[in-house]
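The values are calculated or read from the model by the stated rules, or taken from the named source; none is laboratory data. None of these values were measured; they are calculated from a predicted model. Note: ideal-geometry Cβ built from the backbone for every residue, glycine included; neighbour counts use all protein chains shown.
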Amino acid sequence: MHTFAIEGFCDWCQAPKFVTRHEYVDGKCNFSCKECLDFAAMDVRQFNKAELEFRSQQEA
Ligand SMILES: [Zn+2]
């Protein structure tokens, strides 16, 4: 579940808001506000999927 308890800066709409944290598989993280959550979740999911595919190719 996402909670918007962090007073910060949304990385998607570039505005100071209450945000939630999104973590990437490479250890980075971004923050998104409630309005951007759907976009953010999709971006993060696609990034993580691509990153994991890249890694599995490297290991093969
Ligand atoms: Zn936002």
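Would you confirm whether or not the range 39-54 contains a residue that is near the ligand (Cβ under 9 Å from one of its atoms) and either surrounded by fewer than 17 Cβ atoms within 10 Å (Cβ to Cβ) or of a type outside the set (Ser, Thr, Tyr) (or both)? Yes, the conditions are met somewhere in the range 39-54.
For the subset of the range 18-38 comprising residues that are part of a strand (DSSP E or B) and within 6 Å of the ligand (Cβ to nearest atom), which member is farthest from GLU51 (Cα to Cα)?
CYS33
Output the residues belonging to the range 5-15 that are over 11 Å from CYS36 (Cβ atoms) and either more than 10 Å from the ligand (Cβ to nearest atom) or small (Gly, Ala, Ser) (or both). Passing the criteria: ALA5, ILE6, GLU7, GLY8. Among the residues of the range 7-30, those that are surrounded by fewer than 16 Cβ atoms within 10 Å (Cβ to Cβ) and under 16 Å from ALA41 (Cβ atoms) comprise CYS13, ARG21, GLU23, TYR24, VAL25, LYS28, CYS29. For the range 1-35, residues that are hydrophobic (A, V, I, L, M, F, W, C), closer than 30 Å to SER56 by Cα and under 13 Å from the mean Cα position of the chain (by Cα) total 4. Just one of the listed residues (LYS17, LYS28) is touching a Phe, Trp or Tyr at 6+ places or on another chain (Cβ under 8 Å) and at pLDDT 95 or above, namely LYS17.
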